[in-house]
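Beneath this line is the structure, given in structure tokens, with notes to follow.
The values are calculated or read from the model by the stated rules, or taken from the named source; none is laboratory data. Everything quoted here is computed from the prediction, not taken from an experiment. Methodologically, a virtual Cβ is constructed for each residue, glycine included, from the backbone with ideal geometry; neighbour enumeration extends over all protein chains shown. Please note that ligands, DNA and RNA were not included when accessible areas were found on the heavy atoms of the full protein model with its side chains. Shrake-Rupley method; radii C 1.70, N 1.55, O 1.52, S 1.80 Å.
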Amino acid sequence: MRDVGTISAQTRLIALLGDPVHHSLSPFIQNRAFREEGVDGVYLALRCDEVDLPGVLRGVARAGGGGNVTLPHKELAATALDHSTDAVRRTGACNTFWGEDGEVHGDNTDVEGLRRALHTLLGGPAEGARVLLLGAGGAARAALAALLDEGAAEVEILNRTVERARAVARRLGGERTRVLEGRAGLVDRSFDLLVNATRLGLDHDDPLPLDPGRHVQVESVLDLVYRAGETPLVRRSRELGLRAMDGAEMLVQQGAVAFERWWGRSPSVEAMRDALQQVRQEP
Ligand code: NAP
């Protein structure tokens, strides 16, 4: 393990850019992985508004560093790159960037992170699964891309604002995606997997995004929301005996893929999970 105190003129800056960023758990996860793997880098959160975002992102990357991008700048970051991965082009969002030969590269590791989290939940690919996807924001786009890559048989999208769901389906969907006009379309329906990509569950007094015991029959539940303790959807799902997981595993897995982009090798996912668990337990 590298000594944390050793910051030299070779140390790479890996920066989290967003607004706000003070609540982020990524610095705990990444700095643990950096120490564990002995790479010469430091991960810092930099609050950054939309005027500064493109310049800071390009400047950090061209100075030999890299980073992550979080809300509300993932779409803007996608427009500041010289080279985009397929995941960025499909979702229109970038959450990871780095420099190579003076050019700025970007990926959206939420897509692969979600795919890996699904494998942890289901014990294998979601091939052939019938999926109900709640939400139509950035996380829902990453989820839809990952589910289609996994070979899901059908993904039905339900969102408070139906037009946003239609836009997501038009962008990524194809023949295996359908948009639901409202909860009425769920009566007597059953799905293999429910994915919550709305923000409901972040605040203590949030209602359930959907009650798996009342509104729909499902076998497994992946909630992308994470916070201290169980989310209400995960708690309810487990009470019903369903297989359920919150967004912590996806957070770790998208971070592991980002680490691979910056350092060209895989980190210890166990160490990253452990760092997240420790910080979540702190009062
Ligand atoms: P976003 O682009 O702002 O989208 C928010 C989504 O939540 C939209 O579908 C929105 O519906 C819906 N929503 C918000 N308030 C609602 C309400 N009161 N009732 C019903 N629906 C509501 O956010 P995002 O980036 O997609 O993130 C969504 C969630 O995923 C957040 O909790 C975020 O923390 C989580 N996330 C987790 C990870 C991870 O690694 N685990 C990664 C990315 C995101 P409308 O379209 O109708 O506004």
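Within the accessible surface of the stretch 138-283, defined with a 1.4 Å probe on protein heavy atoms only, the carbon and sulfur portion equals 45 percent. Distance between the C-alpha centres of the stretch 225-246 and the stretch 20-43: 27 Å, rounded to the whole angstrom.
With respect to the chain, whose longest principal axis is taken over its alpha-carbon atoms, helix 269-281 is tilted by about 80°.
Measuring with a 1.4 angstrom probe and ignoring ligands and nucleic acids, Arg171 comes out at about 130 Å² accessible. If you sort Asp52, Asp110, Asp188, Asp40 by accessible surface, 1.4 Å probe, largest first, the order is Asp188, Asp52, Asp40, Asp110.
Placing a pseudo-label 7 Å from each Cα along the Cα-to-Cβ vector at Leu76 and Ser266 gives an inter-label distance of 3.6 nm.
Here the relative contact order of the chain, from alpha carbon pairs under 8 Å that lie six or more residues apart, stands at 16 percent. In the full protein context, the stretch 111-246 carries 45 Å² of accessible surface per residue, based on a 1.4 Å probe and ignoring ligands, DNA and RNA. Principal-axis analysis of the Cα atoms of the chain puts helix 248-263 at an angle of about 40° to the longest axis.
Dividing the mean sequence gap of close Cα pairs (under 8 Å, 6+ apart) by how many residues the stretch 111-246 holds gives a relative contact order of 22 percent.
How large is log10 I(q)/I(0) at q = 0.18, 0.21 Å⁻¹ when the Debye formula is applied to the Cα atoms of the stretch 111-246, each weighted equally and without solvent? The computed values of log10 I(q)/I(0) come out as -0.96, -1.37. The helix-based estimate of mean residue ellipticity at 222 nm for the chain, built from -39,500 (n - 2.57) per DSSP H run of four or more residues and divided by its residue count, is -11000 deg cm²/dmol to the nearest 500. A Gaussian network model of the chain, with springs between Cα atoms under 10 Å, assigns the largest mean-square fluctuation among Ala61, Ala184, Ala93 to Ala184. Averaged over residues, the count of other Cβ atoms within 10 Å places the peptides 15-28, 221-234 in the sequence 221-234, 15-28, highest first. For the stretch 56-137, the list of GluC sites (Glu not before Pro) that fall in a loop by DSSP and count at most 10 other C-beta atoms within 10 angstrom reads Glu127.
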